[in-house]
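Q: Have a look at the structure that comes next, please.
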Amino acid sequence: MINASASEVSTSSFPQQGLYLLVVHLPTAASLRVGKKRIINFPAGYYGYVGRAKKNLRARLKRYLSPYRQKHWHIDYLLDQAVIHNIWTSQDEKLISLEKEECRLAAAMRHHFPCQPPQLTGLGASDCRCPGHFIFLGHNLPQINLVLTQLQLMRRKINGI
C-alpha cells in the first residue's frame, strides 16, 4: 500500500549502490502469507527493512514505491498492507562489503530495538545466516527517528512519504 504521493517521489538523489533501510508503517495488525512460508502475524507498528543493492539501487527503491510490483522479496508482502514512511541510505557508496555491512546494520537495529516478535526471525535474510533483516521498531516514530539518527550509519533521504 503506497499513498498517492509516493509513486511520484524522485529517486534521482539516491546513490546507485549501497545499503538502504525502509521504515514502513503497518497501521493495523495483519496476518500475511510471506512467500512460500507460513502465514505470519505482524503486529501494528513501524518496521525496518534492511537491504542492499550492488547496482541499480534507485530502480530498486522506485520499485518499492510503485503500487504495481511483483512479489519477489519478503518486504513486498508487507508492502501490500503497510506504507513506506522513510527511506534511509548508506552514508558511503563505497562500502567494502555490502553483505557484511547489511548484516551489521540489521544487528545494530536489533540491538537498539530489542523487542522482536519471534515470527520475524529469518525474514529478509534468505541469503545470509542473520536472524533477519526485518526489525520491529515499535510505535513511537519520533523515538525511532532519533535512534536511527544517533546510529549515524544511514541518512534519511525521504521523510513522511
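Since every read-out is calculated from the coordinates, none of them should be taken as a lab result. Quantities reported herein were computed from a predicted structural model and do not represent experimental measurements. All Cβ positions, glycine included, derive from the backbone under ideal geometry; neighbour counts span all protein chains shown.
Q: Using the structure shown, list the pairs from LYS54/LYS100; LYS55/LYS100; LYS36/LYS71 with a Cα-Cα distance above 18 Å, or answer none.
A: none
Q: What residues qualify as long-range amide H neighbours of LEU137, i.e. H under 5 Å apart, gap of 5 or more or another chain, H built at 1.01 Å from N?
A: TYR46, TYR47, GLY48
Q: Provide the FRET efficiency to the nearest 0.05 for the SER12-VAL83 pair, computing r from the beta carbons and using R0 = 22 Å.
A: 0.50
Q: Can you pull a Stokes-Einstein diffusion coefficient for the range 9-54 at 25 °C (0.890 mPa s), Rh from Kirkwood over Cα pairs, as a whole number of µm²/s?
A: Diffusion coefficient, whole number: 190 µm²/s.
Q: For the residue pair SER97 and THR121, what label-to-label distance in nm results when each label sits 7 Å from Cα along the Cα-to-beta-carbon direction?
A: Modelled inter-label distance: 2.5 nm.
Q: Oh, and also: In nm, give the distance between the simple-model label positions of CYS128 and LYS71, each being 7 Å from the Cα along the Cα-to-Cβ direction.
A: Label-label distance for CYS128 and LYS71, simple model: 2.5 nm.
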